[in-house]
Amino acid sequence: MTDLVIRPLRAGEEDLFLSMPAEPLVGVAITGRDYRQLAELGQYRPEWTWVALRGDRVVARAAWWAGPDDDEPMALDWFDVDEAEAGLGTGAALLRAAGFGAEFVLLLPPGWRDRPAVRDAAEARIAAARDAGMRPFVERYHYTWTPAAGLPERPGRLELRPAPDDDEVLAALRGVNDGTLDAYTLHDLEQHGAEGAAREGLEELKWYPAPREWWRLAYTPAGELAGITVPSRNHASFVIGFVGVVAGQRGHGYGYDLLVEAAHRLVAEGATEIRADTDVGNHPMAAAFARAGWPVTQQRVVMR
């Protein structure tokens, strides 16, 4: 067997990276994503794109993604290993050689565990990431709204106000984080405490290349803070940046109200497709998406 060579991609080697066939079962293969286009936009970069070669044949590949202004990769979302390399540790060796600390986001079709071929392909990648030192962190639902899903009317129960002041937003985030079910926020709370987690959340919202003017704080008719809704966009599409209800106002279904408000704002800005995510274990938010008619278009296993 030819010796294995693991290295980053060189500029102009996009064809080499794309030469590896990938059955569209899991990962980026199910999305039709264009590596070249995103590379031209600076979201994939040669030094963040690695291949494992036997001779001139790619037997494993991995590409880490980030925004065009980011200095470090944010997520590994493109990871494939040739079936002939099963049991040889090639995928894990590739991830270890690259040495990036960004999380692995495995894109999966809905109900992936019920489809044997899909489950096997997913578990092979998960096993390789585990062998490279990663552990499961959270599984998430990914939603895609289009006009076919319909746009429910605004419930009109809450008063929405602009959110130009960081202190007000931080207060809302602290209230939302109290008793949260979100795995990322729980991790931030453990690592940074209540104030630090709120500031981490604010910085993440500011990362999105979308106007701050779209953000809204929500208040009850009695003038009490109910939550925050952040319609936004990333570098590819319109997104629900954040929806959260503060601890004292849960149980009234306000998450649905804030989701609908965000969708209306984005449609008014020209959105014909909106994307969003929530943890599989965040049952109240998943219920809000279901009530609003948003279909689950992917599931995502995140490892760290």
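Where a number appears in this text, it was derived from the coordinates with a stated rule and is not lab data. Being a predicted model, the structure only gives us computed values, none of them experimental. Using ideal geometry, Cβ is built from the backbone for each residue, glycine included, and neighbour counts are taken over all protein chains shown.
Annotation: amide H of Thr144 within the under-5 Å range of Thr297, sequence separation 5 or more or interchain, hydrogens built in the peptide plane.
Working note: Cα gyration tensor of the stretch 52-202, eigenvalues times five, square-rooted, sorted largest first, giving semi-axes of 37, 21, 15 Å.
Can you put Met1, Met303, Met20 in order, fewest other beta carbons within 10 Å first? Arranged by neighbour count, lowest to highest, Met1, Met303, Met20 become Met1, Met20, Met303.
Computed 3J(HN,Hα) for the stretch 105-122, one whole-Hz value per residue from the Karplus formula 6.51 cos²θ - 1.76 cosθ + 1.60 where θ = phi - 60°, is 10, 8, 7, 9, x, x, x, 4, 6, 8, 10, x, 5, 5, 4, 5, 5, 5, glycine and proline marked x.
Treating the stretch 28-94 as a set of equal point scatterers at the Cα positions, no solvent, please give the Debye-formula log₁₀ I(q)/I(0) at q = 0.14, 0.16, 0.20, 0.22 Å⁻¹. Log10 I(q)/I(0), no solvent term: -0.45, -0.57, -0.84, -0.96. Taking other C-beta atoms within 10 Å as the exposure proxy, Ile6, Ile274, Ile228 rank Ile6, Ile274, Ile228 from fewest upward. By the beta-carbon count within 10 Å of each Cβ, the least crowded to most crowded order of Val239, Val267, fewest first, is Val267, Val239. Its DSSP H runs of at least 4 residues, each contributing -39,500 (n - 2.57), put the calculated 222 nm mean residue ellipticity of the chain at -10000 deg cm²/dmol, to the nearest 500. Within the chain, antiparallel bridges make up roughly 95 percent of the DSSP beta bridges whose residues both belong there.
If you work out Cα extents along the principal axes in Å from the coordinates, which of (1) 52, 43, 37; (2) 73, 38, 32; (3) 52, 47, 38 do you get? Answer by label: (2).
Most simply put, the stretch 4-134 has about 90% antiparallel DSSP beta bridges, counting only bridges with both residues inside it.
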